[in-house]
Amino acid sequence: MPDQKTIELIQQERHTPNHAQIHEQKKKCEELDKELEEKKKLGYEVGRLQMKHSNDLLNQQTEMIKQELITMINEKKQNYEV
């Protein structure tokens with residue numbers, strides 16, 4: 001069991017300017033962690049939208065190629081029928 005003098009020293013230490021600085025630093029770290037988490041979420045969302053955009057472009061190109069192939073096949077059929 002700590003004696004009274006040790007208890008008083010601990011209580012005084014809690015209220016020193018160093019303690020206030022440590023508390024401020026902890027607050028700053030928490031704020032930076034929140035900002036970092038928000039940036040991660042934003043980065044994830046941007047990446048997801050880029051993937052969606054790329055997939056949409058790929059789908060459009062695939063459809064264009066399909067239409068060109070269908071047109072070519074129909075032209076070949078017409079040439080053989082004549």
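Can you tell me which residue among LEU42, LEU9 is modelled with pLDDT of 75 or more and aliphatic (A, V, I, L, M)? Give the steps one after another, and end with the answer.
Numbers: LEU9 fails: modelled with pLDDT of 75 or more.
Answer to the selection: LEU42.
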Exercise for review: Being among the aliphatic types (A, V, I, L, M) and modelled with pLDDT of 85 or more is the filter here, so list the residues in the stretch 12-39 that pass it.
Suggested key: LEU32, LEU36
Check your understanding: If you go through the stretch 12-34 one residue at a time, do you hit one that is within 24 Å of the chain's Cα centre (by Cα), surrounded by 10 or more Cβ atoms within 10 Å (Cβ to Cβ) and not charged (D, E, K, R)?
Key -> yes
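The values are calculated or read from the model by the stated rules, or taken from the named source; none is laboratory data. Remember, it's a predicted structure, so these values are computed and weren't measured experimentally. Cβ atoms come from the backbone with ideal geometry, glycine included; neighbour counts cover every protein chain shown.
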